[in-house]
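Structure incoming, see below.
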Amino acid sequence: MFDPDFPIDERLAAAIGIYGATEFLSVPKGRETELKFLVDPHGFEDFERIRHTISSSGNRVLDPRTYEIKLRPLVTLNIDTLDQKIRRAGFSARVRFEFDISDLKKPPERIDISVKTRLSNGNVIFLNSERGEWEAELPTLIPELSEIPRQNAKARKNDREVPSLIRNGGILSDQLFVESVGSTWRRNFTSTHLLPSTSYAALYAHTEDCNLFTTPYCDVPATHFDREAEAELKGIFGNGATQISQNEFERLTETSLRKTSCLIENCSSTVIANKLAKSDRGAEAVRAAYHEYSLISSFGKGALCPIAYSLKQRVKPQDINLENLAMQMGRMLHDINRSMPRQLAIPARGF
């Protein structure tokens with residue numbers, strides 16, 4: 001049966017339910033197990049190739065009912081203290097939400113806060129299974145880190161413990177400020193990988209993202225526009241799945257992730273994504289503007305210049321300029337629609 005203390009959203013539950021499965025073993029809390037791919041930033045061909053490659057693979061199923069035709073606006077506020085206490089401890093933090101760019105009177109929705117283990121510059125990650133991630137839902141944009149240990153209090157044997165920096169309440173919400181703003185237009189879908197020689201299947205949540213990072217005032221781009229495909233392993237389902245040993249779970253998931261990576265990487269011009277996690281990347285670009293107080297000249301391929309902001313200019317998440325953000329995301333959507341094919345190709349192979 002599905003564990004009520006570790007629920008999955010309705011979309012994923014529906015993807016499992018079509019098989020008549022009664023048991024689901026999710027990836028342990030505190031672990032981010034996903035594959036990131038950078039794709040051609042100028043069109044949607046790579047996204048379509050990925051969907052069709054998954055759909056046509058003999059041991060995989062893409063449920064077209066879970067594919068969202070309409071792009072969904074998603075905003076990421078990368079946050080830290082003035083002295084970068086979270087970054088110095090080896091983590092990154094963000095607040096994420098959705099909002100209606102056509103009606104700014106509506107409050108932001110689906111707000112959550114998360115803390116992740118940062119990836120070092122020289123560390124190329126193939127499988128992000130060793131990257132820590134802890135999340136919690138928020139009622140408002142006030143970045144209450146204390147919600148993370150509170151909402152993750154019920155732990156299973158293999159769940160990762162919330163970092164002591166967050167668990168001990170050492171950082172208050174009024175100490176946190178926005179370092180960069182990520183604007184994303186996203187589509188979701190799910191797929192399943194029928195694991196060979198077993199009665200189980202691995203469940204994946206896929207995203208197709210169009211991204212742009214800006215400064216905290218949402219008015220100056222900090223990175224070039226890009227597109228990114230993600231495949232996040234959510235767990236293994238099938239009758240008897242909850243009885244799988246931890247060693248067997250690790251073996252099955254690693255095998256599935258490697259095969260999924262090869263499948264996606266070989267189907268298009270995609271490449272395993274950047275050495276830094278995307279949430280770190282935008283913050284790095286804007287941080288360079290703050291601390292160098294001049295041009296971003298050494299950040300790398302994604303950076304734009306010049307940007308110059310005073311160190312005194314700080315924005316709290318709850319004070320983010322939604323009007324500037326809506327205009328920025330509106331311009332993004334206009335550019336996306338210009339490059340979008342008139343009719344999206346949705347895989348017809350179903351169940």
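What net charge is computed for the residues neighbouring PHE97, neighbours being all others with C-beta under 9 Å from the C-beta of PHE97, Lys and Arg scored +1, Asp and Glu -1? Present the calculation step by step, with values, prior to reporting the outcome.
Numbers: positive: ARG96, ARG110; negative: GLU98, GLU109, ASP112.
Around PHE97, the charge tally is -1.
Please get the size of the charge dipole for segment 130-204, origin at its Cα centre, with Cβ charges of +1 on Lys and Arg and -1 on Asp and Glu, quoted in debye to the nearest 20. Intermediate results must be reported in sequence, preceding the final value.
Working: 9 positive and 10 negative charges, 75 e Å.
Here the size comes out at about 360 debye.
Work out, step by step, the length gained on full extension between ASP319 and ALA89: first 0.36 nm times the residue separation, then minus their alpha carbon distance; give nm to one decimal.
Working: separation 230, 0.36 × 230 = 82.80 nm, distance 2.58 nm.
Contour length minus the Cα-Cα distance gives 80.2 nm.
Follow-up. For segment 167-216, how big is Rg over Rh, using alpha carbon atoms and the Kirkwood form of Rh?
Numbers: Rg = 19.1 Å, Rh = 15.1 Å.
My calculation of the ratio gives 1.26.
Further, regarding this structure: Under 19 Å from a point placed 7 Å out from the Cα of THR81 along the Cα-to-Cβ direction: which residues of segment 168-189 have their backbone N that close?
It comes to 168-180, nothing else.
Subtracting the Cα-Cα distance from 0.36 nm times the residue separation, let me have the gained length for GLU45 to GLU250 in nm, one decimal.
Once the chain is fully extended between GLU45 and GLU250, it gains 70.5 nm.
After finding the eigenvalues of the alpha carbon gyration tensor for segment 135-267, what semi-axes result from the square roots of 5 times each, listed largest first in whole Å?
Numbers: eigenvalues 217, 124, 25 Å².
Semi-axes (√(5λ), whole Å): 33, 25, 11.
In nm, what is the difference between 0.36 nm times the number of residues separating TYR217 and ARG110 and their Cα-Cα distance?
Values: separation 107, 0.36 × 107 = 38.52 nm, distance 2.16 nm.
Gain on stretching TYR217 to ARG110: 36.4 nm.
May I pose another question? Could you work out the equivalent-ellipsoid semi-axes for segment 72-211, taking the square root of 5 times each eigenvalue of the Cα gyration tensor, largest first, in whole Å?
Values: eigenvalues 140, 100, 51 Å².
Square roots of five times the eigenvalues give 26, 22, 16 Å.
Taken together, the values in this text are just the output of simple stated rules run on the coordinates, not laboratory data. Please read these numbers as outputs of a predicted model, since none were measured by experiment. Reconstructed Cβ throughout: ideal geometry from the backbone, glycine too, with neighbour counts over all protein chains shown.
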